[in-house]
Amino acid sequence: MTEHVRHCPRETPSFLLQTVKMNKHYFFAALVAAVALTPVTRGAEVLRFDMGAEDSPLRDGFTQVTAKSIYSPETGYGWRAPDGLKTHHQSYSREWQYSESRGRDYPPTIYTNEITCDTIFSNRANAFLVDVPAGQYTVYLLGGLSAGSSREYHRFDATVGEVRETVKIPGPYIFEKRIFKTSVTQGPLAVELSPTTDWLVSCLLVFPSDQAQQVRDGFLDELEQEIYFLPPDVAARWQKTEHAEPRPMPDFSAEDRQRGYAVFARHWSEVIYPNTAPRPAELNPELAAFASLGEYEPVTVTVRPLTDLSGATLTAGDLRCGDAVIPAANIDIRWVRYMLVRPNYSLFFSYHVAPDVLEHRQSSDLRKGENQRFWVTTHVPDDAVPGVYEGKLTFRAAGRPGAGIPLKLRVLPIRLQKNPEHVYGMYYRDPLSNVSDGNSPQANAWFTRKAELERQDMVEHGMTTHISDVSGLQRDEQGNWTMDGTETARRIALSRKYGLADQPLVVSIPVSSWYSRLVDKQGTGSHLRLVRDDVPQSFFDEITRMVEAVQRERKNHNWPEFLYYPIDEPSTSPSSVKFMVGVMQAIKRVPGVRTYVTADPSHEQFEPMWPYIDVWCCQPFVFGYEKIKRLSQEKGIEFWCYPNHISGENDHTPIRGARMTWGYGFWKSGFKALIPWIYQSSTGDPWNYLDGSSMDFFNRSTPDGEPIPVAMWEAYREGLDDGRYLYTLQQLVDEAKKTGGPSAELAREAEEEIRDLWNSIEVQEKYKYDDLWSGPDFDARRWLLASWILRLQ
């Protein structure tokens, strides 16, 4: 048999143990934890092997295995075949390094140890053989790379006995493991490795299966923290803060106590921590929502375990309205995962536990006293029959009575419209940029599939564009610029397939990298911190020729308009502003092009840049509605917003702020676009928010490249839908006023309701937590809009 478990949050040990059975990383920690339990001899209870180079560090108690360690009866372990074995070695990394670009010290991308700093790999089939006495054994296998290229993708099969498991490692800093249980009667125990692309092994451990608890108790907690939290010396500098729950636990009913859990529900936009206490009125809920045709609508429900629960599941049945059915397949159930997060993405040495990732699980074990929330989203079919649909969710745990949770959804006969003048987008690191002739076909297929799934996900969440870059720019020795648009064409074609390239596209151009080549090799630095004050005009002339080359290729391929984005967030220093003026002037010398800048226009130091800016993208909603509209008209400038405060700059919990930003806040801002940074970004291990120079941003991915959303991403769609209800009503009002008749009076009444809604909004530059409506209040306002739509229709 084998155990194959998915990623789970990296919490401190007391909090981790509840989910250890579903976490591949915890099992690896158990693997490594066993290393010091017994001496390493053939036939010993615990055999542990550290794979690497002859000169790489060896973990205490491990046996060193290199590419030359070929099996023989004398050693009792080793590779079956000597051919094709290679070693990847990355330095044993603990020290912080000074970043000249940013002007401060930063930690390594991941902290490595003797196990994770090196790996043996091959693109040929092989096996690792171990002599053990007859008996029942557990085999732990870990593979991954502590450094490498984002273009890497590794896939192989590992087989022990009769069990075969597929291992997928999409890039560096990710360590996958598999756990096998097998029976040995005679001959060496064999771990067969069959590459699809190549196989990677960092560590292998073999021990009798009845020693599993000893392995866990001996070393597990300490090693888990070192590998998947932080090393002890680093962890000592970090302080954990706890959510303080102000309410006492309610008196749970005899039925709840008997079945071992309570069920409660709070609006999806309210944050539920592991220790959040349900209000009495929230217990034994009946879930209810409404939605229009084609709309996605979430509800949430939380289970409060009153004892440890194993094998917990939540399932959905069909929703029925007479003979009409919304099938259970349209109901997406995700488990809310609690992560260790920083209060701000760039801070160090402070963390807490917060709800974040929404993942699919078949089942899970739940620990007494720690909430498990479920995020349930129903997708209403475009052709659904309007009416009230009813069904239920069912929670079960092994050996416990199940709980049915009624779910009611009212489907409205409304087809929502979207304001075509608004732009909804994301900064985006396109997986298609990793497709390369040097990759394996399987790697290219993986990146292509990931790119397609992510575009589909963006469209399903209401996005209409994304930011990318251009590729293939070259300059010959004579100073002639050309562009090979093959890769850019591939990206734009896929985006067009999903309607993400129907508006002007913001594209970054490599100004900084060419500055490093042509002006100063130390580069411009972060936010132009290092840019020189005496940049020659010849460099700006090169920028003009670069843009001319891009424009020629754009026209040849019939791509949409490009908004040229040369530098991200220039500082207000005189050298920075002077450089930006030169760059923007250089771009504008190309006829018909428009420029895009990310900066705060309220800073007077940026005044010299104004004549050369066409799209000013600000992080907050600056200036207010009237001034934005006036400046837009007077200067011909579009104002866009990248609201990073509700994408990943914090602990990912301002859910209502995200809804407000993407809905009513956007409406009252006067801005044209929302385009935050970033759909997905990882530094180091994508499931450890505390490693690397900053916390990871936003959505995660499965090993198959499928998007895993965070709660704020779902809130974007809900805010955008608020705006769609509002826009749909406004269109009906305008139409009724033009046609006259009895509907005109209704339209005037509806218009008054819209005006009251406008006046009720407390304008903020950044909507996060304070001075916002409650979740039910948001829904009540949406219902008011929907009811007026129904009357005017």
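The values are calculated or read from the model by the stated rules, or taken from the named source; none is laboratory data. Given the structure is predicted, the values throughout are model-derived calculations rather than measurements. Neighbour counts run over all protein chains shown; Cβ positions are idealised from the backbone, glycine included. In case anyone asks, the SASA skips ligands and DNA or RNA and just uses the protein heavy atoms, side chains included. Shrake-Rupley method; radii C 1.70, N 1.55, O 1.52, S 1.80 Å.
Here are the numbers:
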| item | result |
| --- | --- |
| Test set (1) farther than 19 Å from S202 by Cβ; (2) open to solvent by 20 Å² or more (accessible area, probe 1.4 Å) - R59 fails condition number | (1) |
| Residue that is most open to solvent (accessible area, probe 1.4 Å), among those in segment 197-242 that are touching a His at 6+ places or on another chain (Cβ under 8 Å) and farther than 30 Å from W446 by Cβ | E242 |
| Single condition V167 does not satisfy, out of (1) touching a His at 6+ places or on another chain (Cβ under 9 Å); (2) aliphatic (A, V, I, L, M); (3) in a strand (DSSP E or B); (4) surrounded by fewer than 23 Cβ atoms within 10 Å (Cβ to Cβ) | (4) |
| Matching residues in segment 65-74 - criterion: being surrounded by fewer than 17 Cβ atoms within 10 Å (Cβ to Cβ) and either without any contact (Cβ under 8 Å) to a residue 24 or more places away in the chain or β-branched (V, I, T) (or both) | K68, I70, S72, E74 |
| Candidates D704, D685, D691 - the one that is touching a Phe, Trp or Tyr at 6+ places or on another chain (Cβ under 9 Å), surrounded by fewer than 20 Cβ atoms within 10 Å (Cβ to Cβ), in a loop (DSSP other than H, G, I, E, B) and not basic (K, R) | D704 |
| Residue in segment 486-502 that is aliphatic (A, V, I, L, M), in a helix (DSSP H, G or I) and in contact with a strand residue (DSSP E or B) (Cβ under 6 Å, 6 or more places away or on another chain) present | no |
| Residue match in segment 145-154 (condition: open to solvent by 20 Å² or more (accessible area, probe 1.4 Å) and in contact with a strand residue (DSSP E or B) (Cβ under 6 Å, 6 or more places away or on another chain)) | no |
| Within segment 638-682, considering residues that are open to solvent by 10 Å² or more (accessible area, probe 1.4 Å), among the charged types (D, E, K, R) and touching a residue at least 40 places away in the same chain (Cβ under 8 Å), the one farthest from Y767 (Cα to Cα) | K672 |
| Lone unmet requirement of (1) in contact with a Ser or Thr (Cβ under 6 Å, 6 or more places away or on another chain); (2) not β-branched (V, I, T); (3) not in a strand (DSSP E or B) for S150 | (1) |
| In segment 618-667, the residues that are within 21 Å of T595 (Cβ to Cβ) and hydroxyl-bearing (S, T, Y) | S632, Y642 |
| W375 without any contact (Cβ under 8 Å) to a residue 60 or more places away in the chain and open to solvent by less than 40 Å² (accessible area, probe 1.4 Å) | no |
| Residue match in segment 764-775 (condition: assigned to a helix (DSSP H, G or I) and farther than 30 Å from I169 by Cα) | yes |
| Residue among E718, E735, E753, E714 that alone is assigned to a helix (DSSP H, G or I), of a type outside the set (F, W, Y) and free of Cβ contacts under 8 Å to residues at least 24 places away in the same chain | E735 |
| Qualifying strands (runs of 3 or more DSSP E) (wholly inside segment 175-286; at least 1 residues being acidic (D, E)) | 175-184, 189-195 |
| Hits in segment 91-118 - residues which are open to solvent by less than 50 Å² (accessible area, probe 1.4 Å) and either assigned to a strand (DSSP E or B) or aliphatic (A, V, I, L, M) (or both) | S99, Y106, I110, I115, D118 |
| Condition check for I628: under 27 Å from D484 (Cβ atoms) and modelled with pLDDT of 95 or more | no |
| Residues located in segment 71-90, provided they are farther than 15 Å from A125 by Cβ and either in a strand (DSSP E or B) or not hydroxyl-bearing (S, T, Y) (or both) | P73, E74, G76, Y77, G78, T87, H88, H89, Q90 |
| Output for segment 589-618, where each listed residue is open to solvent by 30 Å² or more (accessible area, probe 1.4 Å) and either out of contact with any strand residue (DSSP E or B) (no Cβ under 8 Å at 6 or more places or on another chain) or closer than 22 Å to S573 by Cβ (or both) | R589, P591, G592, D600, S602, H603, E604, Q605, E607, P608, P611, Y612 |
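Okay, residues lined up against (1) open to solvent by 40 Å² or more (accessible area, probe 1.4 Å); (2) in contact (Cβ under 8 Å) with a residue 60 or more places away in the chain; (3) in a strand (DSSP E or B); (4) of a type in the set (S, T, N, Q):
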| residue | (1), (2), (3), (4) |
| --- | --- |
| R320 | yes, yes, yes, no |
| D332 | yes, no, yes, no |
| Y338 | no, yes, yes, no |
| F348 | no, yes, no, no |
| P355 | no, yes, yes, no |
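Residue by residue, here is whether (1) over 30 Å from V325 (Cβ atoms); (2) in a strand (DSSP E or B); (3) in contact with a strand residue (DSSP E or B) (Cβ under 7 Å, 6 or more places away or on another chain) holds:
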| residue | (1), (2), (3) |
| --- | --- |
| F395 | no, yes, yes |
| G399 | yes, no, no |
| L409 | no, yes, yes |
| L432 | yes, no, no |
| G438 | yes, no, no |
| A443 | yes, no, no |
| L453 | no, no, yes |
| M458 | no, no, yes |
